[in-house]
Amino acid sequence: MDVMMTRPIKLYNTRTRAVELLKPLEEGKVGIYSCGPTVYNYAHIGNLRAYVFVDTLKRALQWCGYQTNHIMNITDVGHLTDDASDGEDKMELAAKKSGRDIWDLSRYYTSIFFEHTGDLGIQPPNTVCRATDHITQQIEMVQTIHDNGFAYQIDDGIYLDTSKLPKYADFAKLSIDGQQAGARVDVVQGKKSPTDFAIWKFAKGAKRLMEWESPWGRGFPGWHLECSAMSCNYLGERFDIHTGGIDHIPVHHTNEIAQMMAYTKSDEWVNVWMHNNFLVLEQDGEDTKMAKSGANFVTLDSIRSWGIQPLAYRYLLLNTHYRKETRFSRANVEDAAKGLAKLWKKVSQLCEEAGSDKGNLNSPTLEAYRKEVTGGITDDLNTARCLAEVWKIVQDESVSAADKVAFIADTDRVLGLRLTQGPIGGGDGASVDEAKMQKLIQKRNQARTDKDFSTADTIRDALDAVGVRLKDSPEGTTWES
Ligand code: AMP
Ligand code: ZN
């Protein structure tokens with residue numbers, strides 16, 4: 001599609017709290033930065049919701065004719081357990097607990113992350129950047145923020161002085177009263193205000209596994225800094241869209257914005273901020289956010305071990321708007337798997353019926369459907385509306401099989417559900433098969449070799465729950481159901 005032929009698209013902007021028409025900085029092109037995973041553990045399916053969301057956004061923009069340039073970071077250092085500026089570094093803690101090399105740990109979880117996103121039909125970003133590969137850029141940013149007069153040094157590190165930024169609380173609409181503004185109880189000696197946060201932390205006492213020389217002594221960057229430094233490095237001092245989960249609004253994104261205001265001395269940075277809502281699980285009668293530190297932790301492998309195609313989870317997500325909370329349960333994803341398997345079957349029958357006829361996307365019989373889908377996609381990514389149209393056309397006897405297939409294939413460019421190809425590896429996509437089982441057995445064996453017994457047990461228990469029993473013998477592991 002030619003640059004001039006882009007379709008207008010409306011997106012919800014957290015910054016203005018309104019659905020707005022997207023106005024890219026450069027015509028026909030959209031630069032996107034996404035906060036990526038912290039690779040000290042497996043991404044749970046709540047985390048993966050954030051990446052299904054950004055993938056849907058990218059696909060929708062591409063469908064509208066825009067060229068997307070997507071940058072995503074990998075947080076492999078300095079993400080503190082407290083999320084503000086205190087606590088231990090999650091990577092260091094995980095390495096100490098598992099007794100594994102910290103760099104191996106980060107490589108391992110990064111590779112599993114991309115395996116899972118691939119299984120969910122998520123297109124890889126144009127650039128994936130690791131925090132530890134951009135220490136120089138982060139040090140330069142600290143230097144400039146300091147030179148601009150927005151930082152101060154204390155025993156613990158270099159802190160951003162939020163009192164010098166009158167608009168600090170605007171983004172999250174925080175109340176600065178008391179200590180409620182992106183920071184918990186102030187435990188850092190010398191911090192001037194509870195909202196101030198470390199942009200560079202000093203490595204004190206015992207040598208850390210990850211630390212670097214800086215003009216202020218050995219240390220490591222504050223977590224929020226990596227996203228400001230890397231987005232700036234790859235997309236410049238102004239760009240179109242920044243994404244993340246809603247939990248990032250009050251602390252991480254508020255602090256990223258503060259850093260950029262201090263660095264550029266301007267409050268023009270990102271045009272559109274977009275956030276996905278949470279995936280929640282019912283626990284003790286209450287809906288709780290799925291969290292890496294919590295007990296309610298489900299991974300894509302858990303879903304796979306229930307005999308369910310990963311794309312069924314994508315289908316489940318696309319049935320709810322990204323700004324609404326999604327409730328996850330095994331029953332929900334099983335229903336989604338049944339729905340998707342049925343759709344795959346119907347579309348496969350249509351493909352057979354259409355034969356070599358490619359259909360006509362501009363056929364008058366498709367007009368109302370195309371209008372509805374365009375409305376859905378361009379109205380802040382209403383994927384549920386698009387899915388409803390797909391189901392409707394499947395049943396519509398007035399449309400030819402070939403035109404139906406043409407329409408479904410075009411809509412699937414946004415949905416990413418392989419509607420005209422069917423499940424990866426064939427089959428009905430809803431039953432346990434040998435290839436999936438072998439993959440899980442391999443993962444469990446690897447976990448056992450790594451002495452990661454909790455993962456090994458999770459895989460075995462999850463399989464057990466669906467009636468699949470693993471049998472270990474000196475010759476290896478086999479399964480029966
Ligand atoms: P992390 O790996 O913890 O840095 O998180 C990666 C992404 O997942 C971030 O954009 C978070 O906002 C998002 N996220 C974390 N928990 C959930 C959840 N339960 N539901 C949806 N998104 C989440
Ligand atoms: Zn970030």
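The requirement of being surrounded by fewer than 21 Cβ atoms within 10 Å (Cβ to Cβ) and within 25 Å of Leu300 (Cβ to Cβ) is not satisfied by Asn69. Please work out if Ser266 is away from ligand 1 (no atom under 13 Å from the Cβ) and either within 20 Å of His134 (Cβ to Cβ) or in contact with a Pro (Cβ under 8 Å, 6 or more places away or on another chain) (or both). Judged against the criteria, Ser266 is not a match. Put simply, of Phe297, Phe328 the only residue that is touching a strand residue (DSSP E or B) at 6+ places or on another chain (Cβ under 7 Å), closer than 26 Å to Ile459 by Cβ and not polar (S, T, N, Q) is Phe328. Looking only at the range 2-43, residues that are among the acidic types (Asp, Glu) and either assigned to a strand (DSSP E or B) or within 16 Å of ligand 1 (Cβ to nearest atom) (or both) come to 2 in all. Checking each residue in the range 178-232 for being of a type in the set (D, E, K, R) and modelled with pLDDT of 85 or more picks out Lys191, Lys192, Asp196, Lys201, Glu211, Glu213, Arg218, Glu226.
For Thr378, the criteria (1) touching a residue at least 40 places away in the same chain (Cβ under 8 Å); (2) in contact with a Ser or Thr (Cβ under 8 Å, 6 or more places away or on another chain); (3) of a type outside the set (A, V, I, L, M, F, W, C) hold in every case but one, which is (2).
Among the strands (runs of 3 or more DSSP E) confined to the range 72-162, the ones with at least 3 residues that are crowded, with 21+ Cβ neighbours inside 10 Å and modelled with pLDDT of 95 or more are located at 157-160.
Taken over the range 210-253, the criterion of being among the acidic types (Asp, Glu), in contact with a helix residue (DSSP H, G or I) (Cβ under 6 Å, 6 or more places away or on another chain) and either under 18 Å from Thr14 (Cβ atoms) or within 13 Å of ligand 2 (Cβ to nearest atom) (or both) is satisfied by Glu226 alone. Considering the range 322-363, the residues that are in contact (Cβ under 8 Å) with a residue 12 or more places away in the chain and among the polar types (S, T, N, Q) include one that is farthest from Ile308 (Cα to Cα), namely Ser363. Given Glu213, Glu256, which one is of a type outside the set (A, V, I, L, M) and under 21 Å from the mean Cα position of the chain (by Cα)? Among Glu213, Glu256, only Glu256 is of a type outside the set (A, V, I, L, M) and under 21 Å from the mean Cα position of the chain (by Cα). Of all residues in the range 347-361, none are open to solvent by 40 Å² or more (accessible area, probe 1.4 Å), touching a helix residue (DSSP H, G or I) at 6+ places or on another chain (Cβ under 8 Å), under 30 Å from Asn276 (Cα atoms) and at pLDDT 95 or above.
The values are calculated or read from the model by the stated rules, or taken from the named source; none is laboratory data. Fair warning: this is a prediction, and the values are worked out from it, not measured in the lab. Positions of Cβ are backbone-derived with ideal geometry, glycine not excepted, and every protein chain shown enters the neighbour counts. The protein model used for the area step is the full one, side chains on, heavy atoms only, and it has no ligands, DNA or RNA in it. Shrake-Rupley method; radii C 1.70, N 1.55, O 1.52, S 1.80 Å.
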